[in-house]
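Here's the structure, in structure tokens; my notes come after.
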Amino acid sequence: MTNKTMMQFFEWYLPENQLHWKRTAAQAEELGRIGINMVWLPPAYKGAAGAASVGYDVYDMYDLGEFDQKGTAATKYGTKGEYLTAVEALKRNGISVLCDVVLNHRMGADGAEQVMVIEGARENRNQNISGQHPITAWTRFDFPGRAGTYSGFRWNASHFSGTDWDEAAKRNGIFRFEGKTWNRETDSENGNYDYLMGADLDTDHPEVIQETRDWGIWYQNEIHMDGFRMDAVKHISFDFCRDWIAAMRAHKKDLFVVGEYWSNKTEKLTHYLDVTGRCLSLFDVPLHFQFLKAATSDGHFDLARLFENTLTAIDPEHSVTFVDNHDTQPGQALCSFIPAWFKPIAYAVILLRDAGVPCVFYGDYFGIPHDGIAPVPQLARLIKIRECYAYGPEHLFFDDNALVGFTREGDEDHPDSGLAVLLTDGVGGHKRMYVGEHFAGRRMVDALEHVSDVVEIGADGWGTFMVRGGSVSVWTTEPAREFLYLNT
Ligand code: CA
């Protein structure tokens, strides 16, 4: 078995040149070669912002860059044909494809309707701050540019629970439609966080349930994806998501699904997993915030507690680990970007530990030119170390507030596998760790080449490993380092 390694293959500020699918296809072989075997692609359907849309302002989910809508046929990323070519190129190179699915809301309606609403307080959506009154809401989606191709379904106000814009009064608010309730099974932030943005889908409406399933099956037939990344699941009825995933798996049973539940409270993530029957994985948002704290505490963070109460610690089987993403990068809604000095440490931790499926951020691997952010050094090497050497039983040495590490014993299927990772937010130092008695008498070296010493493993399988201040060292066998030196 090879380790799963995911890459989020986009960042927010990719150039708006409609060339991303072409680049994806062109880079598919290299991605496979560096050790990526799963790729999460951005939402591929037409957004309200047309050629400038990153994809989360969903307009028409049947328009994968094919119809002249929102001022363009191609999306920001390219045409539907180029998208298909990119997906096939990835799969040909042994890379599974996850498609980004946004089921919470729609934007850029074709027409407005008069709807009776009750306005709710922004900070507590359960509290009404108006009586019933009419607004003019953007809720009619007729898709004239597509003219019924693939689906004749048209959306109107009855399919939504609420919106945030009254076109008549030119005014923002949290407007819940007459006869609708916010879904009770959503996050409790702001009283009830069913409503996020745009026209919010009424996921109790039988036609909405049927249409989103019909679309999902259509999408699977068009794009032979291997799974989904589900956007904004804390804003969507938990039962609805669970049932939608079940419907998709009835069509293709091995789909890998990871949900974005943006909360740093692990109990909310585990509650979500409980009520959805653990039918999907979730991004380990609490671990991201642990990285941020560790990186911004001037050495006063207790590294022994790095994984404490994270999803990875509590339910590793359902955790997708990450360092940053398109929302946490500078300029974005959830900006909480991990400082550069800590990035190699965070990546060593998510890529080389056994727990969780790690997701490498495009902006970390390739850099973010828009903000002058350079690629994370040695990320390619860390990915290769994961692919080739991060196997076998794990031993944790998270027993010091500034200097912690872990080891992998390796296994017989992967020659020269096994490693020792030592990291610090302090001045550096050394630590005795156990790598396994089968390493007795062997020499280990720092594959990241920060430390030039050689560590000889004792007859008892222990060695004394070193790390420089504010960094990470990854100790491997000498043949492993030579291979890495030649191949990364
Ligand atoms: Ca919602």
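The values are calculated or read from the model by the stated rules, or taken from the named source; none is laboratory data. Just so you know, these numbers come straight off a predicted model, no measurement behind them. Note that each Cβ is placed from the backbone with ideal geometry, even for glycine, and that neighbours are counted across all protein chains shown. Side chains are part of the model used for accessible areas, which takes the heavy atoms of the whole protein and leaves out ligands, DNA and RNA. Shrake-Rupley method; radii C 1.70, N 1.55, O 1.52, S 1.80 Å.
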| Rough spin-label spacing in nm, given labels placed 7 Å along Cα→Cβ, for Asp371 and Ala121 | 3.4 nm
| task | Between Arg443 and Ile129, take the C-beta separation as r, use R0 = 60 Å, and let me know the FRET efficiency to the nearest 0.05. | result | 0.30
| Taking a probe of 1.4 Å, how large is the accessible area per residue of the chain, in Å²? | 38 Å²
| query | Using modelled backbone amide H atoms (1.01 Å from N, in-plane), which distant-in-sequence or interchain residues come within less than 5 Å of Thr321's amide H? | reply | Asp284, Val357, Cys359
| note | Here P(r) for region 1-154, Cα-Cα distances in 10 Å bins, as whole percents, is 11, 32, 27, 18, 10, 3, 0
| said: Calculate log10 I(q)/I(0) of the chain for q = 0.05, 0.08, 0.13 Å⁻¹, where I(q) comes from the Debye formula with a single equal point scatterer on each Cα and nothing for solvent. | reply: -0.21, -0.52, -1.21
| query | In vacuo Debye scattering of region 448-488, one point per C-alpha: log10 I(q)/I(0) at q = 0.17, 0.21, 0.34, 0.35 Å⁻¹? | reply | -0.52, -0.75, -1.21, -1.24
| Residue-span extension gain [Asp413 to Thr488] - 0.36 nm each, minus C-alpha spacing | 24.9 nm
| task | Take each of the peptides 264-270, 80-86, average the number of other beta-carbon atoms within 10 Å over its residues, and list them starting from the highest. | result | 80-86, 264-270
| task | Take the alpha carbon gyration tensor of region 52-102, find the square roots of its eigenvalues, order them as a ≥ b ≥ c, and report rounded if a/c is under 1.5; if not, report prolate when a/b exceeds b/c, else oblate. | result | prolate
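For each pair in Lys91/Lys253; Lys234/Lys268; Lys46/Lys180; Lys180/Lys234; Lys46/Lys170; Lys22/Lys46, compute the distance between the two Cα atoms and list the pairs where it is over 21 Å. Each step should come with its number before you reach the end.
Working: Lys91/Lys253 18 Å; Lys234/Lys268 9 Å; Lys46/Lys180 28 Å; Lys180/Lys234 19 Å; Lys46/Lys170 25 Å; Lys22/Lys46 17 Å.
With Cα atoms farther than 21 Å apart: Lys46/Lys180; Lys46/Lys170.
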| request: Would you mind listing how long region 152-234 runs along its three principal axes, going by Cα atoms, in whole Å with the largest first? | output: 44, 31, 22
| field | Sorted largest first, extent of region 212-342 alpha carbons per principal axis (Å) | value | 52, 30, 23
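Looking at region 117-170 from every direction and averaging, what is the projected area of its Cα convex hull in nm²?
Its Cα hull, projected and averaged over all orientations, spans 5.0 nm².
If you take all C-alpha pairs in region 267-402, what percent of them are over 27 Å apart? Walk me through the intermediate numbers first.
Values: 1785 of 9180 pairs.
Beyond 27 Å sits 19 percent of the P(r) for region 267-402.
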| message | Run the simple label-point estimate for Ala168 and Thr296 please: 7 Å along Cα→C-beta, distance reported in nm. | response | 4.4 nm
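What 222 nm value per residue comes from the helices of the chain, counting each DSSP H run with n ≥ 4 as -39,500 (n - 2.57) and dividing by all residues, nearest 500 deg cm²/dmol? Intermediate values should be presented prior to the final figure.
On the way: 11 runs with 119 residues, N = 488.
When only DSSP H runs of four or more count, the value is -7500 deg cm²/dmol.
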| request: Leaving ligands, DNA and RNA out of it, report the carbon-plus-sulfur percent of the accessible area of region 215-275 at a 1.4 Å probe. | output: 48 percent
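Carbon and sulfur atoms: what percent of the 1.4 Å accessible area of region 351-488 do they account for? Show your work: numbers first, answer last.
Numbers: 2680 of 5500 Å².
Here carbon and sulfur together make up 49 percent of the probe-accessible area.
Which semi-axes, in whole Å and largest first, does the equivalent ellipsoid of region 384-445 have when worked out from the alpha carbon gyration tensor as the square roots of 5 times its eigenvalues?
On the way: eigenvalues 97, 30, 21 Å².
After scaling each eigenvalue by five and taking roots: 22, 12, 10 Å.
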| Estimated inter-spin distance, Trp341 and Glu88, nm [label 7 Å along Cα→Cβ] | 5.0 nm
| In sequence order, what are the phi-derived ³J(HN,Hα) couplings for region 206-220 according to the Karplus relation 6.51 cos²θ - 1.76 cosθ + 1.60 with θ = phi - 60°, rounded to whole Hz, with x for glycine and proline? | x, 5, 5, 4, 5, 5, 5, 6, 4, 4, x, 5, 4, 4, 5
